[in-house]
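The block underneath contains the structure these notes are about, expressed in structure tokens.
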Amino acid sequence: MAGGKRLNAGRKAISSNEKKNGYTIYLPQEMRTEIECYGRGTSFSERCLNLIMKQLNYEKKTADTTIRIIDLFAGLGGIRLGFQQALNEHGYKCECVFSSEIKDYAVKAYMNYFGDSKVNGDITKIKSSDIPDFDFLLAGFPCQPFSFAGKGLGFEDTRGTLFFEIERILSEKKPQGFLLENVEGLIQHNNGETLATIINHLNKLEYKVNYALLDSKDFGMAQSRRRVYIVGTKERKINLDNFPISHAVLGDILEMGLPTVNSRFTKHLFSHYSIEQVIGKSIKDKRGGSNNIHSWDIGLKGETTKTQRLLLNKLLCERRKKKWAEEIGIDWMDGMPLTYEQIKTFSDIPNLQEELNILTQKGYLTLEHPRKLENKKRIPDVTKPLGYNIVAGKLSFEFTKILNPNELSPTLVAMDVAHLGVADGSGIRRLTIREAQRLCGYPEDYDLSIVKEKEAFDLLGNTVCVPVIKAIAMRICDTISVTKKETLVS
């Protein structure tokens, strides 16, 4: 037989991926013992490899289903909560690797609910390198600079620059995406330039950005809360149109049979009106109209005559007219003091000066100088004559509005949510913390009893509506799923 090389004879060539290399590691004796116990194989090397492969497979599987988030300006964690709910429904695990909040009572409530061991403080003092890697940034960045309720200074206010902290972190950490929330006023602020600046900066970071103004009343909430939502991902522009619409009314979330308020204010109120007559009414001295009750209507500072009430109601409307600003020589403002001579032009009641004196003594009117606009602030102009003005402001009373259970709740605002009243039996009471939580879509097991009532209402007045966040996050999850499938295919 002729000699020669046989087909497939000899050792099979090993690829570089299959080739095993030797590595040296140093282990404590206790760990070596555990490897010998739990590892599988005929040698210590095989047992180590077995355990390493098991852990690698677990990490790969977990990495595919775990979405890591950071929660900035966290408040009660409403954005995190809604995002987490959406991820869970899509089969993903949500892991919050970093959170930041500066209000101590917000941190207290947040940690109590989520069980986190730490919430970081001022984000402006935290380096991006100190933040763990993450997939999505969530932030309801401070809204006062853009709010109708605030001064509306936008980026001129130092708090407005906190958006740029978000930009800094996105730029350096390069996550998959983000979800931001802010107040309705952001859209109109500075003729839209503020929002345009924000969108432009996010686009420069190579995110596909979209935004929408959404109202919580369209997401099954019994509260009308219009907010701007800005979302972006590296892969796709998220569609924020045509969400399924569902509605609710206040009565759907109210508790009944609770103790009502028996105070000087309520005694005056019900000495002039029945419970049925006050439902749906506002109670403030800065506006008129059939849906408003004034302090003089209930004799809160002393009983008034029909003539005096007519005078007060007339003055209430007249003081808003622009012609008086021109005559006084100031920039128009909503509610200017008018002199006796000016009031006399629209009121012909007898003894006008005497009636004005009586109403001033009782505290319904005050004598004050008109206010001029200086450096975007109103200050008294002592060069102008004193005039009569209405005393009580919007939040001067124990209750400012008695809510109608068959309608929506107005937007919960931190500074006046504690003044909202609810008819309960034959009396009225305050909106409870639990009811306010329901108006924002928080789960029943979210416990705010660990903070003071005033603190709880402050947090709820500044929070998001969880179902809106969840609906947006569901759209983001759809994008995550598509991206993962495309990655697998490729």
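Odds and ends about this structure:
- Condition check for SER282: touching a strand residue (DSSP E or B) at 6+ places or on another chain (Cβ under 6 Å) and either over 26 Å from GLU374 (Cα atoms) or at pLDDT 90 or above (or both): yes
- Among residues of segment 353-405, those that are among the acidic types (Asp, Glu), buried (at least 16 other Cβ atoms within 10 Å of the Cβ) and out of contact with any strand residue (DSSP E or B) (no Cβ under 9 Å at 6 or more places or on another chain), counted: 1
- Odd one out for ASN210, checked against (1) farther than 20 Å from GLY77 by Cα; (2) not in a strand (DSSP E or B): (2)
- Every residue from segment 284-298 that is charged (D, E, K, R), more than 18 Å from LEU356 (Cα to Cα) and free of Cβ contacts under 8 Å to residues at least 60 places away in the same chain: ARG287
- Pairing each residue of segment 444-472 that is farther than 23 Å from GLU184 by Cα with any residue that is hydrophobic (A, V, I, L, M, F, W, C), provided the two are 6+ apart or on different chains, yields C-beta distances under 7 Å for LEU448/ALA109; LEU448/ILE433; LEU448/ALA456; ILE450/ALA109; VAL451/ALA109; GLU453/ILE433; LYS454/ALA418.
- Among the residues of segment 298-320, the one identified as of a type in the set (Asp, Glu) and at pLDDT 95 or above is GLU303.
- Filtered residue count, segment 122-146, keeping only those that are under 28 Å from GLN437 (Cβ atoms), over 18 Å from the mean Cα position of the chain (by Cα) and small (Gly, Ala, Ser): 0
- The helices (runs of 4 or more DSSP H) located wholly in segment 102-193 that include 1 or more residues which are within 22 Å of ALA473 (Cα to Cα) and at pLDDT below 95 occupy 163-173, 185-188.
- Subset of segment 237-255 (residues that are surrounded by fewer than 17 Cβ atoms within 10 Å (Cβ to Cβ) and farther than 17 Å from GLY441 by Cβ): LYS237, ASN239, ASP241, ASN242
- Scanning segment 394-404 for residues that are at pLDDT below 95 and in a loop (DSSP other than H, G, I, E, B), we see that the one that is nearest to GLY425 (Cα to Cα) is PHE399.
Here is a yes/no grid of residues against (1) over 22 Å from GLY280 (Cα atoms); (2) of a type outside the set (Ser, Thr, Tyr):
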{"residue": "THR400", "(1), (2)": "no, no"}
{"residue": "GLU407", "(1), (2)": "no, yes"}
{"residue": "VAL413", "(1), (2)": "no, yes"}
{"residue": "ALA418", "(1), (2)": "no, yes"}
{"residue": "ASP424", "(1), (2)": "no, yes"}
{"residue": "ASP445", "(1), (2)": "yes, yes"}
{"residue": "GLU455", "(1), (2)": "yes, yes"}
{"residue": "CYS465", "(1), (2)": "yes, yes"}
{"residue": "VAL468", "(1), (2)": "yes, yes"}
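- In segment 472-489, residue surrounded by the fewest Cβ atoms within 10 Å (Cβ to Cβ) [restricted to those that are at pLDDT 55 or above and of a type in the set (A, V, I, L, M, F, W, C)]: VAL482
- From GLU435, GLU407, residue being at pLDDT 95 or above and assigned to a helix (DSSP H, G or I): GLU435
- Among the residues of segment 85-101, those identified as touching a Lys or Arg at 6+ places or on another chain (Cβ under 9 Å) and assigned to a helix (DSSP H, G or I) are GLN85, ALA86, LEU87, GLU89.
- Check on LYS344, surrounded by fewer than 16 Cβ atoms within 10 Å (Cβ to Cβ) and on the phi < 0 side of the Ramachandran plot: yes
The values are calculated or read from the model by the stated rules, or taken from the named source; none is laboratory data. The structure displayed is predicted, hence computed values, not measured ones. Quick reminder, even Gly has a Cβ in these numbers, built from the backbone with ideal geometry, and neighbours come from all protein chains shown.
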